[in-house]
Amino acid sequence: MTPADLSRTVLHTVRRAIEADELSAVVPDRVTVRVPPRPGCGDYATNVALRLAQESGRPAPEIAEVLRRRLAAEPGIAAVEIAGPGFLNITLEGTSYVRLVRDVLAAGEPSRPMDLPDPPPNLIRRLGADAARWSLLCPPGVDRDLLLVQRESNPLFRVRYAHARSRALLRNAHDLGFAPEPGDVPDGTAAPVLAALADHARIGATRAPDRLARHLERLADAFLRWQAACPTLPRGDEKPLAVHRARLALAEATGKVLADGLHQLGITAPAHL
């Protein structure tokens, strides 16, 4: 279940609750879901109950409980909890994430490149072709000279490093004698990675280069944070377990999506950095 799918599910749940006279409100035009800022708060959170409370005058926790009961019965949703003044924290079934990773890995041809203007020759001479193209997508005020350094302050370096890291993990796992296998990843810090993977098709479909560049930054940053907290490869004499194979599959899927996004922007995705 992608974030867009979940948003539609929540909106449909609100509509059905209103039609059943469990809630007295106007169905909103759209519902947003976001990855919670802290692990342990579900995979996604929505403030829809707080929005409906403002309109109806009914306490937000009561509205949240009505929606919680309905959402918990939806396919693909494992649990729904009420947090704070009325937020709904939603945990998806592990099989949804397994299917997501499997679908990413099974995807065929890469997305077609976007029609972007060529950078000026002087910018190419100064930064190189890839950095020059990325610089055209940077927010105003960003120092383009940052794109020349291989540091965390360079967003293009982070994206390409995350891709190269995923390829290195596959090479190292091969040397250790095990391969990726999509499976449940019981790591709270993996949720932002999975959410970004699920959102890739939607972002790419907008054909908006700047949005795609920011999306790739979010995915790369989430992947690198997850890698720091949850090593993919076994340590020492540890034998490869199912969780290592599942993490490796997630790393491979991340690398594939990063490469696809860079390809759409006309930027190379090196396997080594």
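For region 213-230, the criterion of being open to solvent by less than 80 Å² (accessible area, probe 1.4 Å), farther than 18 Å from HIS163 by Cβ and not charged (D, E, K, R) is satisfied by at least one residue. Among the residues of region 91-108, some residue qualifies, meaning at least one is under 23 Å from the mean Cα position of the chain (by Cα), over 27 Å from ARG68 (Cα atoms), assigned to a loop (DSSP other than H, G, I, E, B) and touching a residue at least 40 places away in the same chain (Cβ under 8 Å). Filtering ARG165, ARG235, ARG151, ARG160 for residues that are over 23 Å from ASP115 (Cα atoms) and at pLDDT 95 or above leaves a single hit, ARG165.
Among the listed residues THR32, THR13, THR2, which satisfies the condition of being of a type outside the set (Phe, Trp, Tyr) and at pLDDT 95 or above? Only one candidate passes the filter, namely THR13. If the condition is being among the hydrophobic types (A, V, I, L, M, F, W, C) and surrounded by fewer than 21 Cβ atoms within 10 Å (Cβ to Cβ), then region 170-196 contributes LEU170, LEU176, PHE178, ALA179. Would you check if LEU105 is open to solvent by 80 Å² or more (accessible area, probe 1.4 Å) and hydrophobic (A, V, I, L, M, F, W, C)? So LEU105 does not fit the description; no.
Going by the structure shown, is ASP237 free of Cβ contacts under 8 Å to residues at least 40 places away in the same chain and either out of contact with any Gly (no Cβ under 7 Å at 6 or more places or on another chain) or in a helix (DSSP H, G or I) (or both)? Answer is yes for this residue. Close Cβ contacts (under 8 Å, 6 or more residues apart or on different chains) running from residues in region 117-128 that are of a type in the set (Val, Ile, Thr) to residues that are open to solvent by less than 70 Å² (accessible area, probe 1.4 Å) comprise ILE124/ALA132.
The values are calculated or read from the model by the stated rules, or taken from the named source; none is laboratory data. Everything numeric in this text was worked out from a predicted model, so none of it was measured. As a convention, Cβ positions derive from the backbone with ideal geometry for all residues, glycine included, and neighbour counts pool all protein chains shown. Heads up: the accessible areas ignore ligands, DNA and RNA and are worked out on the full protein's heavy atoms, side chains in. Shrake-Rupley method; radii C 1.70, N 1.55, O 1.52, S 1.80 Å.
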